[in-house]
Amino acid sequence: MAEPGRFDPNNRPPAAVPLDGLARQHGIAFTRPEPDGTEVPISRTTKRKILAALNVALDDEAAAAMPACYLPPLLSGERVWGLTLQLYELRSGRNWGIGDFADLAEICHLAGEWGADFIGLNPLHAPFLADPGRCSPYEPSSRRWLNPLYIAVDRLPGYAPEPDLSADLEGLRAGELVDYPAVAAVKLAALRRFWRVWREGNDKVYTPACFDAFCRQGSESLRLHALFETISMDMVARGHAAGWHDWPQEMRDARSPAVQAFSQSRQDEIEFHMFLQWLAHVQLSDAVGAAERAGLRIGLYLDLAVGEALDGAATWSEPQIYLSSASIGGPPDPWAVDGQDWRLAAFLPSAIAEGEEPPYRRMLDAAMRYAGAVRIDHAAALGRLFLVPFDSPPSEGAYVDYPKEALLQVLSEASHDHQCLVIGEDLGNLPPGLKEDLARANLLSYRIFSYERDQDGFIAAADYPALSLACISTHDHQTLGGWWAGADISARAEHGLVPQATADQDLAQRETERADLVRLVGAEDLAAPAPDSVSLKGDDLDRLIVSLHRLMARTPSMLLGVRLADLTKEPEPTNIPGTSESHPNWQRKLSVNLDELDDLPLVVEVTAALRAERPRQVGP
């Protein structure tokens, strides 16, 4: 029997040894040199053939077992915690109106001093640079490439400040919301200037040889993404939309003669967009190094969106692997009575896990190269997706099965190859047995406090599963003060997501939930407000925030995610699911600057409580 709070590997079935694990065991190199001295990856087919030549048999019985994802050894005996945040929401005195990779390095430093072991981030996927107002990180143009708006321009080698930009930058920093079009305008203009100077060859830090190697590694995928961005910019200038569905017919096919002719005429611009991806890669890699130096033992925890924009670079580049006339959504439920159409493209079930380098594997590799942990948004997609035909409302959609065993095998292999922990957002309407399958595959369950209830109220801290990430709130929720007041319920009614009668019932239920919370916190000998206090402010709210974080830290959950917006007591939500035009989703910044966080009394008190409840082990 495992001790409380410890994960017992003996309760897990034997896991298949991933192909790359076998190759590593038998000394097979993962790259080979080219004549110019660069290294190219060895294919999986070659690895299998070399293993066969070495008389190493691939264990069919083990391969048929439930694959198990990587778990860091430290989690066999420790429970750790980390910060979760939206990168764009970070304020600092030097950024350009949006949190950036330099801010990420700084928050890593702070988190390390506070005793954290990871930084959880919103998806960093590539957006539509030609239409920066399309800012949802969960509707990216491509999940294989990064968002260049997170580049810290002022930290590029040799960058010289431009005096005429000072007033503009001060205005961008001062805003309560990220002004994505304005941020994109000033950053892209500055990056173009840097690009022109860089090509003169005077940079001894970011060398052309490194850029060339990055481009070779990115191969055709990188070129097509850059080509898409170039065409998209041109189309917007001509009055079309940034997405390819609105382009002239001859430009909708990435391999058409018209597109090839355009490509030949815009080589310089295409290379600029490849350059942006390289800069983003270098700076994110630097942030990974900053996390390691700060002592964050897990490092960055990156979120993976469940799909991509229907009209983005990914679907334009490889239409053959995506559904052509249906999108991902959700059926009617109490939070969205008409159902939801998320307007996201899904991989074809027949293509997602097929081929030498399956599309799902390539998407995982793009994130895991930087991450010590990844979160699979809408983990139900590992078993099925709710698909909505383009010409139908969500109420006429249907569930479609996906190859669960094959996807878990791909996920397990990628997890071990990158030594990357996997968290599955296993909320909502899951296929029968999927939650159990995810647990057997070592995916950490995603446990949000307000959802963890049974017939007696909120479950006790001790009843959380060890193989989980616990948290109080996420980007789709109000912070704790807003939840207490029922602001999330009122918002759903205000935005027409539920009838007012449903909201009234939910507000009555929230009274019960407040009373349940007070009882639960009191049972742990922690301070709690009176449950009939509908609005909490000042010290009362601070005491509740500290108490609930201390309670959640006592759970056996391996990971505890601490939302930075809860510690700064943000009054407005990051995102209200189901809204797009009626609420400024994915735009709101924190109310506190980075350099003020270390002295914020609530931050000091909560992080001290977390260190006490989840102490680090001393020694090896």
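The values are calculated or read from the model by the stated rules, or taken from the named source; none is laboratory data. On a predicted model such as this, the values are computed, not experimentally measured, just so you know. As a convention, Cβ positions derive from the backbone with ideal geometry for all residues, glycine included, and neighbour counts pool all protein chains shown.
I'm told GLU229 meets every condition in (1) acidic (Asp, Glu); (2) crowded, with 17+ Cβ neighbours inside 10 Å; (3) more than 20 Å from PRO148 (Cα to Cα) except one. Can you identify the failing condition by its number?
Result: GLU229 passes all but (3).
From the list ALA528, ALA553, pick out the single residue that is farther than 27 Å from THR579 by Cβ, modelled with pLDDT under 90 and touching a helix residue (DSSP H, G or I) at 6+ places or on another chain (Cβ under 7 Å).
Criteria check complete, one pass: ALA528.
Go through GLY299, GLY295 for me and flag whichever is of a type in the set (Gly, Ala, Ser), buried (at least 24 other Cβ atoms within 10 Å of the Cβ) and out of contact with any Pro (no Cβ under 8 Å at 6 or more places or on another chain).
GLY299
Between a residue in segment 47-67 that is under 13 Å from ILE28 (Cα atoms) and modelled with pLDDT of 80 or more and any residue that is part of a loop (DSSP other than H, G, I, E, B) and of a type outside the set (Val, Ile, Thr), which pairs come within a Cβ distance under 6 Å, given they are 6 or more apart or on different chains?
LEU54/HIS26; VAL56/HIS26
So in segment 446-460, with the set limited to residues that are farther than 25 Å from TYR70 by Cα and aromatic (Phe, Trp, Tyr), which one is surrounded by the fewest Cβ atoms within 10 Å (Cβ to Cβ)?
Per the criteria, the residue is TYR451.
When segment 81-133 is examined, which residues are found to be surrounded by fewer than 24 Cβ atoms within 10 Å (Cβ to Cβ) and at positive phi?
GLY115
Residues of segment 317-361 being under 14 Å from PRO403 (Cβ atoms) and touching a Ser or Thr at 6+ places or on another chain (Cβ under 8 Å), which ones?
ALA346
Please name all residue pairs, on different chains or six or more residues apart, with Cβ atoms under 6 Å, provided the first residue is in segment 197-211 and is more than 14 Å from LEU276 (Cα to Cα) and the second residue is assigned to a loop (DSSP other than H, G, I, E, B) and modelled with pLDDT of 85 or more.
ASP203/PRO157; VAL205/PRO157
Which residues, counting only those in segment 542-575, are more than 23 Å from GLN86 (Cβ to Cβ), crowded, with 19+ Cβ neighbours inside 10 Å and free of Cβ contacts under 8 Å to residues at least 40 places away in the same chain?
Within segment 542-575, just SER547 meets the criteria.
Can you name every one of the helices (runs of 4 or more DSSP H) wholly within segment 303-418 that holds 3 or more residues which are over 18 Å from the mean Cα position of the chain (by Cα)?
So the answer is 313-317, 404-418.
Yes or no: THR607 hydroxyl-bearing (Ser, Thr, Tyr), closer than 30 Å to GLY77 by Cβ and modelled with pLDDT of 95 or more?
Yes.
Of these, ASP532, ASP463, ASP476, ASP539, which one is farther than 25 Å from PRO571 by Cβ and surrounded by fewer than 21 Cβ atoms within 10 Å (Cβ to Cβ)?
ASP463
Between SER265, SER256, SER219, which is surrounded by fewer than 22 Cβ atoms within 10 Å (Cβ to Cβ), closer than 19 Å to PRO148 by Cα and without any contact (Cβ under 8 Å) to a residue 12 or more places away in the chain?
None of the other options fit; the residue is SER219.
I'm trying to understand the selection: among the residues of segment 511-541, which are of a type in the set (Lys, Arg) and more than 19 Å from THR555 (Cα to Cα)?
ARG514, LYS537
Name the one entry in GLN320, GLN249 that is under 26 Å from VAL236 (Cβ atoms) and not acidic (Asp, Glu).
GLN249
Somewhere in segment 422-445, is a residue more than 18 Å from the chain's Cα centre (by Cα), surrounded by 21 or more Cβ atoms within 10 Å (Cβ to Cβ), without any contact (Cβ under 8 Å) to a residue 60 or more places away in the chain and closer than 24 Å to ASP333 by Cβ?
Yes - at least one qualifying residue is present in segment 422-445.
Residues GLY82, GLY171: which one is in contact with a Phe, Trp or Tyr (Cβ under 7 Å, 6 or more places away or on another chain) and either of a type outside the set (Val, Ile, Thr) or more than 24 Å from ASP377 (Cα to Cα) (or both)?
GLY82
Taking segment 313-332 as the search range and keeping residues that are of a type outside the set (S, T, N, Q) and over 25 Å from GLY383 (Cα atoms), which one is surrounded by the fewest Cβ atoms within 10 Å (Cβ to Cβ)?
TRP316
Consider segment 136-187. How many of its residues are over 30 Å from ILE328 (Cβ atoms), of a type in the set (A, V, I, L, M, F, W, C) and part of a helix (DSSP H, G or I)?
Number satisfying all stated conditions: 9.
Any residue in segment 114-140 that is of a type in the set (S, T, N, Q) sitting within a Cβ distance under 7 Å of a residue that is crowded, with 23+ Cβ neighbours inside 10 Å and assigned to a loop (DSSP other than H, G, I, E, B)? List the pairs, counting only those 6 or more apart or interchain.
Final answer for the pair search is ASN122/GLN86.
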